[in-house]
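Right, one structure below, let's go through it.
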Amino acid sequence: MFISIEGPDGAGKSTQINNIKKFLEDRNIPYILTREPGGTKISEKIRDIILDKENVEMNYVTEALLYAASRAQHVSQVIKPALEEGKVVICDRFIDSSFAYQGYARGLGDTVWDVNRAAVDGCMPDVTFVFNLNPEVGLGRVKTRGEEDRLELEKMAFHRKVYEGYLDLEKKYPDRIVPIDASKSIEDIKKDIYLVLEERICR
Ligand code: TYD
């Protein structure tokens, strides 16, 4: 079972990743927890290049290729071997981040799939929890729109596209993607997630 967790920063992903870990530990189900971009030595080095604030001139295709390169290493070195050993893999972000950020927000569209096909090599998540949180709520703004500077507005427009990208992905892959309403309480979200895990893992 391959589980990925998606959604914006500040939506409560890490709290629920801990709950998923607890669910598996309580049932003695072996698992690994990993993340993207990263998860291997080489992938972490690629992560540093991608997230380096000095690399402002990075072309969007370069960015998509680097995420895919990091993923190729991660899938072959960590994810596939763990699945073959019968472990559950929990991955904090996976290919849907590329679809949402590079595909929708950067506007690369289907190119994202083209550069990721070889990277995932047939290894797609069985279940993906997408945390939906309206970006305006996410940033917890008290300021009125008029007071925001150009960069803040640009950032907001980008996050809105990411958010809408995820909503679109949920429609496109309804069997795989489980939408999570991140505005609910931590306890209620945990219940929603546990129901899905019980159904899909314990059956
Ligand atoms: P990170 O600090 O791990 O963010 P978070 O805590 O929100 O998970 O940084 C990862 C950033 O990279 C995040 O903004 C999402 C972005 N990203 C992509 O744009 N494409 C991808 O394929 C992946 C995996 C991440």
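Where a number appears in this text, it was derived from the coordinates with a stated rule and is not lab data. Computed from a prediction, not measured in an experiment: that's the story for all the values here. With ideal geometry, Cβ positions are generated from the backbone for all residues, glycine too; neighbour counts draw on all protein chains shown.
Worth pointing out:
- Number of the condition not met by ARG35 [criteria: (1) over 30 Å from GLU136 (Cα atoms); (2) among the charged types (D, E, K, R); (3) within 10 Å of the ligand (Cβ to nearest atom)]: (1)
- For segment 63-111, the set of residues classified as hydrophobic (A, V, I, L, M, F, W, C), crowded, with 21+ Cβ neighbours inside 10 Å and assigned to a loop (DSSP other than H, G, I, E, B) consists of PHE94 only.
- Selected residue (criterion: surrounded by the most Cβ atoms within 10 Å (Cβ to Cβ)) from residues of segment 1-39 that are basic (Lys, Arg) and in contact (Cβ under 8 Å) with a residue 12 or more places away in the chain: LYS13
- Screening SER70, SER97, SER14 for residues that are within 9 Å of the ligand (Cβ to nearest atom), over 17 Å from ASN116 (Cβ atoms) and not acidic (Asp, Glu) leaves exactly one candidate, SER14.
- Taking the conditions (1) within 14 Å of the ligand (Cβ to nearest atom); (2) among the aliphatic types (A, V, I, L, M); (3) over 22 Å from GLY12 (Cβ atoms) in turn, ALA118 satisfies each one other than (1).
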